[in-house]
Amino acid sequence: MLYLLQLSLESRAGFDRVIELMATGPIKLILWLILSGLLYHLIAGVKHLLMDWGMGESREGALRGAQVTLLLTAIAVVLAWGMIW
Amino acid sequence: MVINAPSLSRSGLSDWIIQRFSAVILAAYTVFMLATLITTPEMDYDSWRNFFGKVPVRLFSLISLVALCGHAWVGMWTVGTDYLTGRQLGNRGPLVRRVYQAFCVLLIAVYLLWGVQIFWGS
């Protein structure tokens, strides 16, 4: 990721190269996997922070929190797929 | 059971704070970046370059990079002390964890310096 960023900022040629790379299937797939992992981590992390505030610590609350997290993640992952492909 | 596992920071509490604080910064940065990419899909080299040239974006990126290093370290340290212990690996467990931790520190340092060089240099 850092390499792509560096390349894209270095020069116009580098930028075009990154655009080229990002059009290929494998790179898109890797980006989608990384983005999905990040989105899940972000959503689960927000749930974690909420629990630090004392929300959703009961058994029922934890169950609902987990369900909401998975649901939101599924939606985000599909949107990410749409955004990349 | 891990007897003592220093994690380069003062105490467990400071780890806890580092991780939560960096998480908030990183969440903000992620939302900011995704919003930027979604709202301005067609960026050519010049607009991409001066987007990252603006001081606030550069500062936010550098702060997030530092936060990421703290976040990653506490996270990876936690993984190590959970799974690379005597309970799983016998008496060599702690040694394996040390090597694992050293590798994590090295990798995080590389990303930090590389990232700074990107944001600072350009």
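General observations
- Any hit, the range B:31-44, residues being touching a residue at least 24 places away in the same chain (Cβ under 8 Å) and among the hydrophobic types (A, V, I, L, M, F, W, C): yes
- Residue match in the range A:2-15 (condition: within 26 Å of A:Trp85 (Cα to Cα), of a type in the set (A, V, I, L, M) and exposed (fewer than 15 other Cβ atoms within 10 Å of the Cβ)): yes
- Of all residue pairs spaced 6 or more apart or on separate chains, those with beta-carbon atoms under 8 Å, a first member in the range A:6-17 that is farther than 13 Å from B:Asp44 by Cα and at the interface with chain B (Cβ under 8 Å from one of its Cβ atoms) and a second member that is open to solvent by 70 Å² or more (accessible area, probe 1.4 Å) and modelled with pLDDT under 95 are A:Gln6/B:Trp114.
- Members of the range B:64-114 that are of a type in the set (S, T, N, Q), surrounded by 14 or more Cβ atoms within 10 Å (Cβ to Cβ) and assigned to a helix (DSSP H, G or I): B:Ser64, B:Thr78, B:Thr81, B:Gln101
- Looking only at the range B:69-122, residues that are among the polar types (S, T, N, Q) and either within 14 Å of chain A (Cβ to nearest Cβ) or farther than 22 Å from B:Asp15 by Cα (or both) come to 5 in all.
- Checking each residue in the range B:52-63 for being free of Cβ contacts under 8 Å to residues at least 24 places away in the same chain and surrounded by 14 or more Cβ atoms within 10 Å (Cβ to Cβ) picks out only B:Val57.
- Selection count, the range A:29-64, where residues are touching a residue at least 24 places away in the same chain (Cβ under 8 Å) and open to solvent by 40 Å² or more (accessible area, probe 1.4 Å): 3
- Scanning the range B:18-47 for residues that are more than 10 Å from every other protein chain (Cβ to nearest Cβ), of a type in the set (Gly, Ala, Ser) and in contact with a His (Cβ under 8 Å, 6 or more places away or on another chain) turns up just one, B:Ser22.
The values are calculated or read from the model by the stated rules, or taken from the named source; none is laboratory data. Treat the numbers as computed from the prediction; the structure is a model and nothing was measured. We place every Cβ from the backbone using ideal geometry, glycine too, and count neighbours over all the protein chains shown. These accessible areas exclude ligands, DNA and RNA; they are computed on the full protein's heavy atoms, side chains included. Shrake-Rupley method; radii C 1.70, N 1.55, O 1.52, S 1.80 Å.
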